[in-house]
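Trainee: Please see the structure below; I have some questions.
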Amino acid sequence: MKLQQLRYLCETAHQNMNLSRAAKTLHTSQPAISKQIQMLEEELGVEILQRNGKRVVGITAPGQLIIQTATRMLRDADNLKRIAKEFSSEDSGTLTIATTHTQARYALPPVIQRFTARYPKVKLILRQGNPVQIATLVSSGEADVAIATEAIEHFHELVMLPCYEWNRCIVVPPKHPLLKRKPLTLEAINQYPVITYDFAFTGRSKINQAFAERGLEPNVVLTAIDSDVIKTYVELGLGVGILANMAFDAKRDKNLRAIDASHLFESSTTRIGISRNSYIRGYIFDFIEMFAPHLDHAAVQAKLSSSQSDSAPENQPV
């Protein structure tokens, strides 16, 4: 059994049984992948892939378990390389952060500025997407940390670290009638078209929940994944914006006004997600603490250890 065979198998599964795409990703040929997987099947004595003639159509039941184990083995092999690399070069490497636009644009810049000053030899990569996409990047090993608010708590292979709570504001043009409504109510907001986040992003479910509890259905005329896009269309007069407090900057957003709406919506919690099975380099611990000062090295390590204990099979040594 070779790691190369496991890598070919896992990439084939990742590409939904498309051997051509797997071969392209791994810079090899389709026959080479097919041959190596067949050799692995012969060695293990079970069929991993379901075939219809020469065409792969699915994964067998034992194949599902084998791929899960192979994925862990490949991750462990990568961890071994990371451990060796850390001890040979503790202040250099790569940190891949998967996050949403709001976090990348508004929460992360001062943290990244501090981090790059401390670790100038570490290459930073920002991967943006919706919460499900970024959690998938971390669970698959393509990113080191995920930073988001929604959805990532549903990925059980990730350890979730709460960072901070935030709420929302209503953004309107100057002299808008809502600026005179004190206190601001959902009923008042509901008199106008609404521009806010796409459902998969930045606490949108809390917005929907608040209106539903009042028996209201907002007239959402435009959704976006980008806070700046929301503000642009509010400036054009298409509606009132509902966005994260952190996304409004009075100095930059001179053509808009913000009204605090924290009394109208349940607060949301931004979390960092890391894989429970990954090896965390020292500078990643430092990045996490810079983003959330209460999450120092000891706190994160304790959470990782507790999570690994919880996930261990019964009657197995931890």
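Trainee: Once you have the Cα-Cα distance between Ala77 and Glu187, take 0.36 nm times their residue separation minus that, and quote the gain in nm to one decimal. Mind dumping the intermediate values first?
Mentor: Values: separation 110, 0.36 × 110 = 39.60 nm, distance 5.64 nm.
Full-extension gain reported as 34.0 nm.
Trainee: I want the local charge near Ala23. Using Cβ-Cβ distances under 13 Å, sum +1 for each Lys or Arg and -1 for each Asp or Glu among the other residues. If you can, show how the numbers build up before the last one.
Mentor: Numbers: positive: Arg7, Arg21, Lys24, Lys35; negative: Glu11.
Local charge sum for Ala23: +3.
Trainee: Which of the lysines could a cross-linker span from Lys182 if the Cα-Cα distance has to be under 23 Å and same-chain partners fewer than 8 positions apart are dropped?
Mentor: Lys206, Lys231, Lys254
Trainee: Also, I was wondering about something else. Under 8 Å for C-alpha pairs, at least 6 residues apart: give me the relative contact order for the stretch 197-281, rounded to a whole percent. Don't jump to the answer; show the numbers that get you there.
Mentor: Values: 47 pairs, mean separation 26.2, N = 85.
Dividing the mean separation by the residue count of the stretch 197-281 yields 31 percent.
Trainee: From the helices alone, meaning DSSP H stretches of at least four residues, give me the mean residue ellipticity at 222 nm for the chain, per-run term -39500 (n - 2.57), in deg cm²/dmol to the nearest 500.
Mentor: On the way: 11 runs with 130 residues, N = 318.
The helix contribution divided over the chain gives -12500 deg cm²/dmol.
Trainee: Sticking with this one: Scan around Ile272 for amide H atoms under 5 Å from its own, H built in the peptide plane at 1.01 Å from N, and keep only partners 5 or more places away or cross-chain.
Mentor: Under 5 Å from the amide H of Ile272: Leu161, Cys163.
Trainee: How much of Asp296 can a 1.4 Å solvent probe reach, expressed as accessible area in Å² and rounded to 10?
Mentor: Result for Asp296: roughly 60 Å² accessible.
Trainee: Would you mind telling me the antiparallel percentage of the DSSP bridges in the stretch 1-130, rounded to 5?
Mentor: On the way: 4 of 12 bridges.
Within the stretch 1-130, antiparallel bridges account for around 35 percent of the total.
Trainee: In addition: Sort 156-163, 61-68 for me by packing, meaning the mean count of neighbouring Cβ atoms within 10 Å per residue, highest on top. If you can, show how the numbers build up before the last one.
Mentor: Details: 156-163: 18.5, 61-68: 15.4.
Per-residue Cβ counts within 10 Å, averaged per peptide and sorted highest first, yield 156-163, 61-68.
Trainee: Set the Förster radius R0 to 22 Å, insert the Cβ-Cβ distance between Lys180 and Leu222 as r into 1/(1 + (r/R0)^6), and round the FRET efficiency to 0.05. Walk me through the numbers before you get to the answer.
Mentor: On the way: r = 25 Å, r/R0 = 1.12.
Efficiency computed from Cβ-Cβ geometry: 0.35.
Trainee: Could you count how many Lys pairs in the stretch 1-137 have their Cα atoms under 30 Å apart, skipping same-chain pairs fewer than 8 positions apart?
Mentor: 16
Trainee: Taking the solvent-accessible surface of protein heavy atoms with a 1.4 Å probe, what is the per residue accessible area of the chain in Å²?
Mentor: Accessible surface, normalised per residue, equals 52 Å².
The values are calculated or read from the model by the stated rules, or taken from the named source; none is laboratory data. Fair warning: this is a prediction, and the values are worked out from it, not measured in the lab. With ideal geometry, Cβ positions are generated from the backbone for all residues, glycine too; neighbour counts draw on all protein chains shown. Protein only, heavy atoms only, side chains kept; ligands, DNA and RNA dropped before computing areas. Shrake-Rupley method; radii C 1.70, N 1.55, O 1.52, S 1.80 Å.
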